[in-house]
1. Loop sites only, by DSSP: take the GluC sites (Glu not before Pro) in the chain that have at most 14 other C-beta atoms within 10 Å and name the longest stretch containing none of them.
2. Mind checking the angle between helix 3-27 and the chain's longest principal axis? C-alpha axes, 0 to 90 degrees, to the nearest 10.
3. Using R₀ = 35 Å, calculate the FRET efficiency as 1/(1 + (r/R₀)^6) where r is the Cβ-Cβ separation of Leu81 and His167; round to 0.05.
4. Under 28 Å from the Cα of Lys109, which lysines turn up, not counting those fewer than eight places away in the same chain?
5. Could you list Leu133, Leu191, Leu104 in order of exposure, starting from the residue whose Cβ has the fewest other Cβ atoms within 10 Å?
6. Taking the Cβ of each residue in Met19, Met106, Met138 as the centre, tally the other Cβ atoms inside 10 Å and list the residues starting with the fewest.
7. Using a Gaussian network model of the chain whose springs link C-alpha atoms within less than 10 Å, name the residue from Pro60, Pro129, Pro165 with the highest mean-square fluctuation.
8. Measure nothing fancy, just the Cα-based angle from helix 92-105's long axis to the longest principal axis of the chain, in degrees from 0 to 90, nearest 10.
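Derivation of every value follows stated rules applied to the coordinates shown; laboratory data play no part. Note that the structure is predicted; figures quoted are calculated from it, not measured. Note that each Cβ is placed from the backbone with ideal geometry, even for glycine, and that neighbours are counted across all protein chains shown.
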Amino acid sequence: MKIREFNEVDGAIHQVAQMMSLSARNLIPPKADSSHINLKWDDNAKVLLGRTFTINGGPPVHMLFNPISFEVSFATGTDKLLSSLKMNGKSFRDYVAWWESELLEMGIKKEFSKVLPDNFAPTKTIKKPAASLIDAWMCLRSQANDVFGALNDISGHECEIRIWPHHFDTGVYYVIKLESGEASHAIGAGLAIADKISAQPYYYMYGWRSEGEIDFSHAPQLSHGRWITEDWKGAIYPVFESGQMADKEAIITFFETAYSYLSQHILVD
């Protein structure tokens, strides 16, 4: 499998995810950290799920995307679909027209915020990737869920594993707060799509301190991946570094080593 082809799958599903987030942006009370628009990859049902919302006192509803059929739905649960739109060949404009029409049918009459996502053209259409590439994408997102579940155990933190529609990372974020309630330091970890840091999808971990930078001069050698200490500082592990998808246990070892160092050094004055 070529990295370029996998990046195209990430790009196509990323666009769908940003379209799905319109419901949360308009129908769920906003949160300061924008977590109200987060999505979740359901390993069992093999679908991407948005946060739930209610319409006129009815049962909880959420947006659902099935990568295999390549369609977005209003749904209750993971199998009861209220209305669906096949996304192959559809544009942002097509999606909004369907989405607004369905909400009107459900009794929602209001002016919606329809901010065009980054790098979108209103009439640019999405092409459904090949089935083998979709399978690989689903496998990687399921692997990420397993990895971050293991990291929760390693760190002793219980953090929801979610997907941020904007950057399309699957990840966790551990925040330590002072008695005043202000954040004093944090560690973030995720699976990112290709960007300026890496030309292919990659796992990453970084630390943050409210006062001063983290000292990486004594960071341990990583058995997989590498430390970056330039503009962005942290550890990364490109998913296809060896030519095939990275082994789950190797990724967990990568995070265990990086977390051990960062968790000690974000507390050092």
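1. 1-110
2. Once rounded, the angle reads 60 degrees.
3. Using R0 = 35 Å, I get an efficiency of 0.80.
4. By straight Cα distance, Lys109 reaches Lys31, Lys40, Lys80, Lys86, Lys90, Lys124.
5. Leu104, Leu133, Leu191
6. In order of increasing Cβ crowding within 10 Å: Met106, Met138, Met19.
7. Checking each option, the largest mean-square fluctuation is seen for Pro60.
8. So the inclination is approximately 60 degrees.
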